[in-house]
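Here it is, the structure in full.
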Amino acid sequence: MLNQLPNCINSSSWWQLIKWISDPIEFQKKCNQKYGDIFSIQLSGLGSYVIIGNPKAIQEIFTQDSKFDIGRANKLARVLIGSNSLMLMDGYRHQRERKLLMPPFHGEKLQAYAEKICLITKQIASQWQIGEPFVVQSTMQKVSLEVILQIVFGLSEGERYQQIKPLLTSWLNMTDSPLRSSMLFLPFLQQDFGKWTPWGRMKSKQRSLNQLLQAEIEEKRAMNNQGKFDVLSLMMTARDENGQAMTDDELKDELLTILLAGHETTATTLAWAFYEIHQNSDVLKQLHEELNNLGENPQPMTIAQLPYLTAVCQETLRMYPVLSGLFPRISKSAINIGGYEFDANTTFMPSMYLVHYREDLYSNPEKFNPKRFLERQYSPSEYIPFGGGSRRCLGYALALLEMKLVLATVLSNYQLSLVSNKPIRMQRRGLALAPKGGVKMVLN
Ligand code: HEM
């Protein structure tokens, strides 16, 4: 006979929701200390979640993917990305969509994007002025937005590019603090009274974005996509096993999904990487040595294979999860996870924070120590920055490539320092987590 999970937090569900919105990491840390590595929380209006920081239990979830509904559990994101996003799909539809979307993000296609990433970084970094502080998070957002616009949307100039760029930035900035993010979690704030409500303003921007994206799709179709290698063009020519193409609604929702999933996540992780590298002079020194050994003008794909640079990116992703947890997974029937018996319709959320700060896996977990990734291999449930199973991040290879090339390009050409040595905390930004204040640096 298996046990029912006894570890349920018993403060009010409102209080737990406030904690989850305002500081999900501290909330999880406290619950973990008190209740162990599997416990359940109750979020007012959103339901209860079993939070899991136990790698063995996470392994059980990843290997039994088909026993969970994940798209259904991602309902919070529907208001941002529309209902035709793969994040909201399950079963065959999800599998089909992933097959259609996967090729542009992997293999030789990535090599074609590498040069562009270096060029974009150089262009944006060239605007820094000696002695003038800048916010790294904002600069990295410019880089990652440009990468998505050029590589994914296939836009680098023209009137539509000029319109889409500021619109996307202001749409994303509408949820840039814990307070402003609340509207994503509290349905009663989702009132569309035009420009009088934040929700109305956000929805209006979203409608304008959709119109611009529709116009872009139509133009690409009229031009027959000849010789184009951006992700949107590849998505438009992709066919499933029945010869079916993606519909325009699918294309638009997937573009917003990729933008939302890939833009801030990569920018935020890069901001943390710059922060840690410049807090730890030995790390900076080792990176410089590794990069210098490559000689003049190395190939981007050679840079991407550097072991220490790779370890620095892995360690940044370990310490600074971009989400409070992986996508929630709802059990379709009663299930045994981690030695406990759960009913059908239980929602599980594996937590990268809890796993990545386990003393038994990562000694001295609060310390930024890239070498641990050179000394040990972690299993797919011990290291989960990009999730796992059938939901593993679609853009992980592009994200890692972008991180390495941006870091290498900046560190090889510029000498930067942090404006302040004060520790920086994580804070909520929309559905994600980001460094408070965005990490201020200065060019020396
Ligand atoms: C450092 C950057 C990034 C991090 C840390 C990250 C992390 C994640 C995580 C944790 C998930 C959920 C996986 C799960 O629950 O098992 C996910 C899903 C996803 N990510 Fe990323 N991501 C990053 C960058 C990107 C980029 C650059 C793109 C696209 C260009 C992207 C596209 C997606 C998509 C489409 C999904 C949904 C997959 C599905 O539902 O099947 N991500 N990502």
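A short reminder: the numbers here are calculations on the coordinates, not readings from a lab. Everything quoted here is computed from the prediction, not taken from an experiment. Because the Cβ atoms are built from the backbone with ideal geometry, glycine has one as well, and the counts that use them run over all protein chains shown.
Under 15 Å from the Cβ of V143, count the other residues' Cβ atoms, weight Lys and Arg +1, Asp and Glu -1, and hand me the total.
Details: positive: K116, K122, K142, K165, K404; negative: E115, E146, E264, E402.
Within the 15 Å Cβ shell, the charges total +1.
Can you give the percent of C-alpha pairs in the stretch 348-437 whose distance is more than 15 Å?
Values: 3012 of 4005 pairs.
Here the long-distance tail beyond 15 Å is 75 percent of all Cα pairs in the stretch 348-437.
Give me the three principal axis extents of the stretch 1-71 from the C-alpha atoms, as integers in angstrom, largest value leading.
That gives 33, 28, 23 Å along the principal axes, largest extent first.
Pop a pseudo-label 7 angstrom from the Cα along the beta-carbon direction at both K436 and R221 and give the gap in nm to one decimal.
Each label point lies 7 Å from its Cα, and together they span 4.9 nm.
Given points 7 Å out from each Cα along the Cα-Cβ axis, report the D192 to S208 separation in nanometres with one decimal.
For D192 paired with S208, the spin-label model returns 1.6 nm.
Additional query: Treating the beta-carbon of each Lys and Arg as +1 and of each Asp and Glu as -1, no other charges, what is the dipole magnitude of the chain about its Cα centre, to the nearest 20 debye? Before the final figure, lay out the partial values.
Values: 48 positive and 42 negative charges, 185 e Å.
Value, rounded to 20: 880 debye.
With the chain treated as a Gaussian network of Cα nodes joined by springs under 10 Å, which of M140, M102, M223 yields the largest mean-square fluctuation?
M223
To make sure I understand the rule: partners must be lysines, Cα under 21 Å from the Cα of K30, and not fewer than 8 residues away in the same chain. Which ones qualify?
Hits, sequence-local ones excluded: K19, K367, K436.
Under 15 Å Cα to Cα from K422, which aspartates and glutamates show up? Leave out anything in the same chain fewer than 8 places away.
Within reach: E276.
Mind checking which of S66, L43, M89 is farthest towards the positive end of the stretch 34-96's charge dipole, using Cβ charges of +1 (Lys, Arg) and -1 (Asp, Glu) about the Cα centre?
M89
How long are the semi-axes of the equivalent ellipsoid of the stretch 209-338, taking √(5λ) for every eigenvalue λ of the Cα gyration tensor, in whole Å from largest down?
Values: eigenvalues 266, 133, 44 Å².
They are 36, 26, 15 Å, listed from largest to smallest.
Separate question: Can you give the Kirkwood hydrodynamic radius for the stretch 273-425, in Å, rounded to one decimal and based on Cα pairs? Please report the intermediate quantities before stating the final value.
Values: mean 1/r = 0.0572 Å⁻¹.
Taking every pair of different Cα atoms in the stretch 273-425, averaging 1/r and inverting gives 17.5 Å.
For E375 paired with N293, estimate the spin-label separation in nm (one decimal), with each label point 7 Å from Cα along the Cα-to-Cβ line.
Computed distance between label sites E375 and N293 equals 1.9 nm.
Given N residues in the chain, what is its alpha carbon radius of gyration divided by 2.2 N^0.38 Å?
Numbers: Rg = 21.7 Å, N = 444, 2.2 N^0.38 = 22.3 Å.
Here the Cα radius of gyration is 0.97 times the empirical estimate.
Shifting gears a bit: Report the Cα centroid-to-centroid distance between the stretch 123-139 and the stretch 310-337 in angstrom, as an integer.
One Cα centre to the other: 32 Å.
What is the distance in Å between the Cα centres of the stretch 355-407 and the stretch 41-103?
Distance between centres, Cα-based: 20 Å.
Using the Kirkwood radius over Cα pairs, work out the Stokes-Einstein diffusion coefficient for the stretch 44-168 at 4 °C and 1.567 mPa s, in µm²/s as a whole number.
On the way: Rh = 18.5 Å.
Calculated translational D: 70 µm²/s.
How large are Rg and Dmax for the stretch 346-389 when only the alpha carbon atoms are used, in Å?
Looking at the stretch 346-389, its Cα Rg and Dmax stand at 11.4, 38 Å.
Still on this model: So what is the calculated 222 nm ellipticity per residue for the chain, using -39500 (n - 2.57) for each DSSP H run with n of 4 or more, over all residues, to the nearest 500 deg cm²/dmol? Write out the running numbers ahead of the final one.
Details: 18 runs with 219 residues, N = 444.
After summing the helix terms and dividing by the residues of the chain, the value is -15500 deg cm²/dmol.
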